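Enquirer: Just dropping this structure here.
The values are calculated or read from the model by the stated rules, or taken from the named source; none is laboratory data. Everything numeric here is computed off the predicted structure, so don't read it as measured data. No Cβ is skipped: glycine too gets one built from the backbone with ideal geometry, and neighbour counts run over all protein chains shown.
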Amino acid sequence: MRDPKRLKFFQSDVWVGLLLSLVAFLVYLSTLAPSVLPMDSGELAVVASTLGIAHPTGYPLFTLLGWVFAHLPIGGRIIWKLNLMSAVLCSIAVFFFYQLFLRLLLNKSAVAGSVREASARIASASAALILAFSGTFWSQALSVEVYPLHLLFLSLLILLFVRSVLENPHSNRLWHLFALILGLSFTNHMTTILLAPGFLYLFFATQGFSRASWIKIAMAAIPFLIGLSLYLYLPLRAAQHPLMNWGNPVTLQEFWWHVTGKQYHAAMFASFDTAEGHLQHFFRTYPSEFGYVPLFFAFIGLVGLFRRFKRMLVFSALLFFCCLAYSSNYGITDIDSYYLLAYVTTGIWIAYGIYFSLEIMRGKMLLRFARILCLMLVFSPLCVHYRAIDESRDYAVEDYVRNVFDSVDSGAIIFSDQGPQFTMPAYYLQLVEGMRPDVTVIDKSFLESAWYFPQLEQRYPWLVENSRSEVETAIREMNAFDRGLNSGMLLKSRFISVAQSFIGTNYGKRPVYATPEVSPEGYKGVASGLVLRLFRDTNVAILPVKEFSFRPLPDGNHLFVGEIKADYATSYVNQGVDRAILGDMKTAEILFRKALKVKPGFPSALEYLDRLRFSQP
């Protein structure tokens, strides 16, 4: 005889959802990044912990929520607490995706005949965990980013919209709540707009194209604008000059440019080659995203929707293809997170596919076996992605920044164009954790932006004061360029003159360095660990060997780990060449072999080892 309490638990949608959320959270926690990661992690950590202004579109809701997590009295580093926020948000999203899938499957218009609630719950739970452990979804849960909050909003918005349009079309309270959440979602990520075609289709398909429908849409304007008003945080906080004040959006024009992402417009619909490359990448990785096998059920779901619920088929297809069309035309490298809506839609199809498969089963034993098999589908993406996605031992970027800092003398100035793996993480480690406050880090690419110079002056007043004339001229030219009043060539010459002035006015007073991709005119770079010490004299002495200390570098597809390994190897090779010039062949060989240990098969290391062997008598 079945235990009625146990049966009641599994029939409670809330408790089942919480259980799924907990399972996802425990997996996320076990693979959570302990430190800062490449790309936006360092910048967003600074913004969240100091209430700053992030890169466009500003992300005010993320910033405020991040500040709360950064200051939780739970111990641990701030970066870990912000990474934990991502795990929490993605886990909550799993709860709401389960509720969404269940609502869709139990909706009377979605199925023919009687509804098997147990099968619907099994299908919804399986699909929610398959989505939770899909590659991109899972990766967003492991470090500080804006996409975990975006995923939470996607789950809430689609759930509220379905409930409001399909289940309770006459509920103004539910409709207004949806509009408020929609406005808040736009304050986190503007790709919320990709929901519009699908939402508008399903709305008019169910409500009719009538005056009452337009009135209902108009009724949503006030709560929507209330949610959207959180963007006022940007000019209010920018006026207070926070440590990170990207874009300095204090004027109406600067605010508009920031919120609309003006600086990224050139990357949108960049070229047919970009779209082709992104589409090839999407379809090449799409099967592995869900662990291969679950996509079979997505196909079954599509076929079942075509036969039984065409409106839901069109609705979900619009979500999928609008996301695909926009994201494939966006010319950035880290594009995977922009496909999240397409992956969420696939989760909907998988839920339908599992449900339709269970619905045709006959016999208690067969049905029970099928349900167990469906739950086992969860292990498919879990097993496929665990090793590649696990960030729990990833200190690669933090150790890289430490080794760069260890490569320079006290009071150093470092010019770098390594934003993703050096300057951005360095901002967090310096501004939040207080690492090497004596070192001045200058991001070369930011010298093209007028807002960057007040940031530099706030942190290093002596730097800007010594080059006041060049800085003010550059700012005038940059402001004129933003308004279309001068050419990009003139702008480039101005920021080059600023960089040259920063080096020239401080040369001899402070040691000046550059990462290898930066090569200031008129200076010779001499290897000093991971950076080059800049000298005017071409007959300078070779610097002492710098050793590196770092924790095991992760394998798999971790961002920029390959580049970091190459930088370590290149440094060892450069220092080895210097030792060979001095005639110290033994040390040179040791350094070349260290390069191969960090990055096996590194071509230049192999080449110089061959030269050493042939040069020996």
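Enquirer: State which residue is nearest to residue 407 (Cα to Cα) when the search covers only the stretch 425-434 and only residues that are crowded, with 16+ Cβ neighbours inside 10 Å and touching a residue at least 24 places away in the same chain (Cβ under 8 Å).
Expert: 426
Enquirer: Output the number of the condition that residue 321 fails; it satisfies all remaining conditions of (1) free of Cβ contacts under 8 Å to residues at least 40 places away in the same chain; (2) touching a strand residue (DSSP E or B) at 6+ places or on another chain (Cβ under 8 Å).
Expert: Residue 321 satisfies every listed condition except (2).
Enquirer: While we're here: For the stretch 133-145, state whether one or more residues are touching a Lys or Arg at 6+ places or on another chain (Cβ under 7 Å), of a type outside the set (Ser, Thr, Tyr) and touching a residue at least 60 places away in the same chain (Cβ under 8 Å).
Expert: No: the stretch 133-145 contains no residue that is touching a Lys or Arg at 6+ places or on another chain (Cβ under 7 Å), of a type outside the set (Ser, Thr, Tyr) and touching a residue at least 60 places away in the same chain (Cβ under 8 Å).
Enquirer: Which count do you get for residues in the stretch 310-336 that are within 16 Å of the chain's Cα centre (by Cα) and surrounded by 21 or more Cβ atoms within 10 Å (Cβ to Cβ)?
Expert: 1
Enquirer: What is the one condition in (1) outside any helix (DSSP H, G or I); (2) modelled with pLDDT under 90 that residue 34 does not satisfy?
Expert: All conditions are met except number (2).
Enquirer: I've got another one for you. Being in a helix (DSSP H, G or I) and more than 26 Å from the chain's Cα centre (by Cα) narrows it down to one of 375, 429, so name that one.
Expert: That would be 375, the only listed residue that is in a helix (DSSP H, G or I) and more than 26 Å from the chain's Cα centre (by Cα).
Enquirer: Given 84, 142, 152, which one is closer than 30 Å to residue 432 by Cβ and either outside any helix (DSSP H, G or I) or of a type outside the set (A, V, I, L, M, F, W, C) (or both)?
Expert: 142
Enquirer: Same structure again: Evaluate the following for residue 508: is it exposed (fewer than 15 other Cβ atoms within 10 Å of the Cβ), out of contact with any strand residue (DSSP E or B) (no Cβ under 8 Å at 6 or more places or on another chain) and more than 19 Å from residue 568 (Cα to Cα)?
Expert: Taking the combined requirement at face value, the residue satisfies it.
Enquirer: Identify, from the list 254, 289, the residue that is among the acidic types (Asp, Glu), buried (at least 17 other Cβ atoms within 10 Å of the Cβ) and modelled with pLDDT of 90 or more.
Expert: From the options 254, 289, the qualifying one is 289.
Enquirer: Scanning for something without any contact (Cβ under 8 Å) to a residue 60 or more places away in the chain, in contact with a Phe, Trp or Tyr (Cβ under 7 Å, 6 or more places away or on another chain) and either assigned to a loop (DSSP other than H, G, I, E, B) or surrounded by fewer than 19 Cβ atoms within 10 Å (Cβ to Cβ) (or both), does the stretch 408-415 turn up at least one residue?
Expert: The answer is no; no qualifying residue exists.
Enquirer: Only one of (1) part of a loop (DSSP other than H, G, I, E, B); (2) over 30 Å from residue 426 (Cβ atoms); (3) of a type outside the set (Asp, Glu); (4) free of Cβ contacts under 8 Å to residues at least 40 places away in the same chain fails for residue 292. Which number is that?
Expert: All conditions pass for residue 292, except number (4).
Enquirer: Being out of contact with any Cys (no Cβ under 7 Å at 6 or more places or on another chain) and over 30 Å from residue 203 (Cα atoms) is true for just one of 260, 285. Which residue is that?
Expert: Of 260, 285, the one residue that is out of contact with any Cys (no Cβ under 7 Å at 6 or more places or on another chain) and over 30 Å from residue 203 (Cα atoms) is 285.
Enquirer: Restricting to the stretch 378-415, count the residues that are within 22 Å of the chain's Cα centre (by Cα) and among the hydroxyl-bearing types (Ser, Thr, Tyr).
Expert: 4
Enquirer: I'd like to know if the stretch 166-174 contains one or more residues that are crowded, with 20+ Cβ neighbours inside 10 Å and touching a Leu at 6+ places or on another chain (Cβ under 6 Å).
Expert: Scanning the stretch 166-174 turns up no residue that is crowded, with 20+ Cβ neighbours inside 10 Å and touching a Leu at 6+ places or on another chain (Cβ under 6 Å).
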